[in-house]
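Just below is one structure, and these are the notes that go with it.
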Amino acid sequence: MKAKAQVVIAQLGSPKSPKVGDVRIFLKEFLGDPRVVDLPPLLWKFILYLFILPFRPKNSAEKYARIWNGKSFPLVDNTLSFTAKVASHLPAYIVKPAFLVCEPRLKFVFDEWEKIPVEQRPNRLIVIPQFPQYSESTTASVFDILAKNLEGRVNVPSLDFVNNYHKLKAFIDLSVRNIEKSLTDSKTDALVISFHGIPTRRVLVKNDVYYRHCYETFKLIKEKVKGIGQDQIHLTFQSRFGSEEWLEPATDSYCEKLAKAGVKSIAVYCPSFVADCLETTDEIGFELKEEMHALGVQVKHIPCLNDDDEWAKAFAQFIQAYAEGSQKEKEQLFYDIPDEVITMELPNQSMKSKPLTPEAKKVLKIVFLTLFLDLVGFSIIFPMFPAMAKYYLAVDSENFFLKAIFGTITSITTMGGVTNDAANIVLFGGILGAIYSFLQFVGAPIWGTISDRIGRKPVLMISVFGLFLSYVLWFFSGSFTLLILARFIGGIMGGNISTASAVVADVTDKESRSKGMAFIGIAFALGFILGPAMGGIFSTVDLTAKYPSLIGLGVNPFSTPALVAAVLAFINFISIWRNFKETLPEDKRGKGTIERTSNIFKLFKPAPYPGVNGTNFSHFIFLAAFSGMEFTLTFLAVERLGYTSMDNAYMFIYIGFLIAMIQGGYVRRKANLVGENKMAIQGLIAIIPGLILIAFTKNTFMLYAGLGFLAVGSAMVIPCQTSAVSIYAPAEVQGHVIGVFRSLGSLARVIGPIIASVIYWKLGGAYPYLIGAACLIVPILMIKNLPELKKV
């Protein structure tokens with residue numbers, strides 16, 4: 001006989017075993033689901049693979065071991081048993097279990113359905129996720145996997161997807177039955193209805209209905225439970241993950257408050273689960289129980305409905321009514337609560353750190369891409385500096401600019417008593433880098449001020465197209481003069497970071513400014529990681545070896561990386577042209593002139609905005625000390641540890657990864673709560689032990705420990721100070737003020753390496769770091785005395 005429908009009871013699943021390896025596989029798939037963690041995919045993969053999967057599985061495995069019965073876990077056992085019982089009440093239906101991250105999976109259910117002879121195969125599929133309240137992170141994940149498993153199949157059934165049953169009478173009534181039984185078994189001072197939490201952002205920004213559904217379930221249970229006062233029933237949320245703000249109140253901290261209020265016995269029921277699992281059996285039944293026991297409070301975990309006979313029978317009736325009943329019969333299965341009642345009663349959720357608006361996120365993605373591609377194009381040349389020096393000395397040794405650069409290098413090294421050809425070649429790259437930074441210093445306030453006058457989009461388009469042209473010149477730079485011209489244009493155009501920073505200031509308010517600025521830091525870090533790597537890879541492709549005729553056009557062994565950088569810049573230009581919407585309205589555009597002269601001391605002219613000067617100068621001192629460290633670091637690594645070029649590359653990749661993680665996680669979410677100036681001070685303090693460790697480093701462990709402090713500290717300082725200066729500055733001069741700020745930063749990157757190099761060669765390798773650490777006391781004191789940031 002042909003079944004009326006095939007029903008799939010869909011559940012999350014559990015690891016294969018409590019072994020660390022099995023738990024890691026489980027977490028990799030579970031946390032890799034973009035519905036579960038909705039951060040930008042690239043950023044989240046870095047966090048997941050570098051910081052979570054190496055460490056979290058061991059801790060999670062210990063928890064899973066506590067609920068392991070030797071063969072399986074409660075969630076799997078209860079779901080399989082429940083499904084079998086439901087099936088026994090539905091002989092006219094095919095009822096199958098399916099899990100998202102363990103066997104049997106949804107794919108297996110479809111495979112089995114396709115094997116049924118056509119004349120007996122049900123044409124209707126009813127999928128019911130075992131999450132009573134809808135949430136993007138759970139129910140929507142089931143739907144995505146369902147849709148993915150239908151792809152490419154010839155025969156697709158008629159599909160019904162039940163996305164919630166949080167007001168189902170059977171679910172509510174049987175939950176109340178379980179609770180009341182627990183209340184009669186032992187004295188209870190408080191009943192906590194604990195739901196699984198989700199980030200508050202999902203509710204307030206993405207409008208996930210989960211919180212509303214939770215409250216409706218809570219309200220129904222609360223109204224029907226007898227044997228305890230209404231004022232003794234509490235709504236909480238558990239199972240937090242990461243550093244985001246989650247729905248409040250938190251179960252553990254709320255129970256602590258109850259304990260302090262004199263409560264001695266707490267019963268906890270978790271109606272966001274229908275089958276007991278790690279979050280109920282261990283998190284509530286073990287961990288919370290232990291925590292509260294230390295406070296003299298008894299905690300009793302009330303089991304979920306699991307495979308209860310009445311629940312299985314009632315759920316089967318629900319399925320049958322859903323499949324065969326009229327609309328009225330379906331509605332009668334659920335309790336009705338008027339929407340206006342819930343809207344009026346629903347407690348407000350808020351975020352201390354204001355989330356970015358969807359419009360701001362869209363703009364930030366474009367700015368992120370712009371800066372990321374800029375930095376890739378800029379840093380792609382780094383690995384080639386030594387080889388380029390040798391190449392141009394061989395083919396263009398009489399070039400005026402080349403002789404001038406190596407004359408300068410010789411003067412510097414002679415001053416330090418050094419006559420090492422290898423050091424001279426490495427310094428060649430440093431000089432080219434300093435030239436680029438100096439030109440950024442010149443260009444940043446110009447671009448920033450122009451953008452204040454004519455808008456951000458024209459400036460971004462002009463500067464990015466200029467970068468494209470600079471890479472084209474580099475492609476044809478058989479002459480060293482053309483290479484210098486390319487770097488000259490690139491440096492001037494690279495000053496557009498001030499405009500990009502002003503765009504962030506345009507689309508964020510003062511409460512979310514540091515989050516936006518953190519995106520700039522992440523783009524820099526990732527660009528700095530991938531740029532040198534791409535440079536190393538593409539420098540192995542010598543176009544002149546394959547096509548010797550190109551030499552006459554100026555194409556050289558380093559033209560392939562230039563071509564890649566040019567393509568990236570052109571893609572960036574097209575992206576801005578098509579997708580970027582102007583962020584500075586005409587009525588906010590300044591009417592002043594460009595406040596820029598050839599006198600660099602004009603940069604140090606006090607600005608008429610409280611807080612701006614202190615932030616600018618503290619940042620200048622910090623960055624001079626920090627860039628001096630960056631510049632001499634490779635020398636120290638070679639001298640002390642015998643590092644190769646590849647070892648140095650790994651070192652900078654390590655720094656870049658840490659910066660990206662800290663800025664993408666901690667800074668982006670916590671800067672507004674901690675305070676930009678306070679976090680900048682924390683970062684500066686963190687850098688000091690890092691510099692001291694590097695000064696006395698004798699092995700790789702000491703070096704990487706020091707680099708860890710430096711990366712974490714700088715990841716906190718740079719975006720927070722950028723955010724602070726934009727908050728201190730009025731809206732109409734954001735571009736100019738941030739331009740001066742960035743320009744001072746570029747100047748610091750010119751001066752810092754020069755001073756550090758002289759100290760290094762005169763006094764020894766440890767002194768640039770020790771003196772740099774001492775210098776950081778100055779910006780710490782300056783920031784401490786800055787006026788309070790007013791975020792209104």
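Observations, loosely collected:
- Test: residue 154 is out of contact with any strand residue (DSSP E or B) (no Cβ under 7 Å at 6 or more places or on another chain) and open to solvent by 30 Å² or more (accessible area, probe 1.4 Å): yes
A quick yes/no check of all residues on (1) surrounded by fewer than 22 Cβ atoms within 10 Å (Cβ to Cβ); (2) part of a helix (DSSP H, G or I); (3) modelled with pLDDT of 85 or more; (4) not small (Gly, Ala, Ser):
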{"position": "702", "(1), (2), (3), (4)": "yes, yes, yes, yes"}
{"position": "706", "(1), (2), (3), (4)": "no, yes, yes, no"}
{"position": "710", "(1), (2), (3), (4)": "no, yes, yes, yes"}
{"position": "719", "(1), (2), (3), (4)": "no, yes, no, yes"}
{"position": "736", "(1), (2), (3), (4)": "no, yes, no, yes"}
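- Identity of the residue in region 244-283, under 28 Å from residue 205 (Cβ atoms), hydroxyl-bearing (Ser, Thr, Tyr) and open to solvent by 40 Å² or more (accessible area, probe 1.4 Å), that ends up modelled with the lowest pLDDT: 253
- The residue that is surrounded by the fewest Cβ atoms within 10 Å (Cβ to Cβ), among those in region 292-312 that are touching a strand residue (DSSP E or B) at 6+ places or on another chain (Cβ under 8 Å) and outside any loop (DSSP other than H, G, I, E, B), is 293.
- The set of residues in region 83-103 that are open to solvent by less than 10 Å² (accessible area, probe 1.4 Å) and within 23 Å of residue 26 (Cα to Cα) comprises 83, 98, 99.
- Number of the condition not met by residue 698 [criteria: (1) open to solvent by less than 40 Å² (accessible area, probe 1.4 Å); (2) at pLDDT 85 or above; (3) more than 28 Å from the chain's Cα centre (by Cα)]: (1)
- Residue pairs whose Cβ atoms lie under 8 Å apart, separated by 6 or more positions or on different chains, with the first residue in region 53-74 and in contact (Cβ under 8 Å) with a residue 12 or more places away in the chain and surrounded by 16 or more Cβ atoms within 10 Å (Cβ to Cβ) and the second of a type in the set (D, E, K, R) and not in a helix (DSSP H, G or I), are 61/19; 74/276.
- The residue pairs whose first member lies in region 293-311 and is within 25 Å of residue 168 (Cα to Cα) and without any contact (Cβ under 8 Å) to a residue 24 or more places away in the chain, whose second member is among the aliphatic types (A, V, I, L, M) and surrounded by fewer than 16 Cβ atoms within 10 Å (Cβ to Cβ), and whose beta carbons are closer than 6 Å, counting only pairs six or more residues apart or on different chains, do not exist in this structure.
- Scanning region 104-133 for residues that are exposed (fewer than 15 other Cβ atoms within 10 Å of the Cβ) and closer than 24 Å to residue 324 by Cβ gives 112, 116, 117, 118, 119, 120, 123.
- The numbered conditions (1) aliphatic (A, V, I, L, M); (2) in contact (Cβ under 8 Å) with a residue 24 or more places away in the chain; (3) surrounded by 17 or more Cβ atoms within 10 Å (Cβ to Cβ) are all true for residue 48 except (2).
The values are calculated or read from the model by the stated rules, or taken from the named source; none is laboratory data. A quick note: this is a predicted structure, and the numbers were derived from the prediction, not measured. Cβ atoms come from the backbone with ideal geometry, glycine included; neighbour counts cover every protein chain shown. Surface areas here come from the heavy atoms of the whole protein model, side chains and all, with no ligands, DNA or RNA. Shrake-Rupley method; radii C 1.70, N 1.55, O 1.52, S 1.80 Å.
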